[in-house]
1. In bins 5 Å wide, starting from 0, what share of all Cα pairs of the stretch 15-102 does each bin hold, as a percent?
2. Please pull out the direction-averaged projected area of the stretch 96-156, using the convex hull of its alpha-carbon atoms, in nm² to one decimal place.
3. Helix-only estimate, please: 222 nm mean residue ellipticity of the chain, summing -39500 (n - 2.57) across DSSP H runs of length 4 or more and dividing by its residues, to the nearest 500.
4. How much length is gained on full extension from residue 51 to residue 103, taking 0.36 nm per residue of separation minus their Cα-Cα distance?
5. May I ask you to derive the FRET efficiency for residue 26 and residue 72 from their Cβ-Cβ distance with R0 = 22 Å, giving the value to the nearest 0.05?
6. Kindly provide the Kirkwood hydrodynamic radius of the chain in Å, to one decimal, from all pairs of distinct alpha carbon atoms.
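Throughout, read-outs are computed from the coordinates displayed, never taken from laboratory work. Note that the structure is a prediction, hence the values are computed from the model and not measured. Ideal geometry is used to build each Cβ from the backbone, glycine not excepted, and the neighbour counts take in all protein chains shown.
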């Protein structure tokens, strides 16, 4: 499974740097010089330099040496293979790709749907696709998500009244 770790934004300057909208919890590892990142349609890009600037990352990829070449990358998603990401040592910490695809049930075992995405908006949110096809956002907090059982492929949700309606 390919995981999105960033999205290339606009060029910065004239030497090929681009801003990157980071979508990973480990940008230091993902965007380290020498790291290779797949794209959905432009092959593999290798990080040449990276630096923080005004709260965002500026990255220059090997072979992208001017503003025109950088502009051509704008909007590309940067991807890594989920097999390259080691499992967390913390039993209370999960990578997004580990949660996506889990069946969601309530504490009594009634099917609630499937986790189809994880969003990060200051608070982590599980995107639950209900059997009806509708989606609901579920705050990823212990009071609402008391159990995650990766081997069983399920997550127990105990939502307060009205959350899933």
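1. Values per bin, smallest distances first: 3, 12, 23, 25, 16, 11, 7, 3, 1, 0.
2. Values: hull surface 15.7 nm².
Convex hull of Cα atoms, orientation-averaged projection: 3.9 nm².
3. Values: 3 runs with 15 residues, N = 165.
Mean residue ellipticity, 222 nm, calculated: -1500 deg cm²/dmol.
4. Numbers: separation 52, 0.36 × 52 = 18.72 nm, distance 3.96 nm.
Stretched fully, the residue 51-residue 103 segment lengthens by 14.8 nm.
5. Between residue 26 and residue 72 the formula returns 0.20.
6. On the way: mean 1/r = 0.0567 Å⁻¹.
About 17.6 Å, per the Kirkwood formula over Cα pairs.
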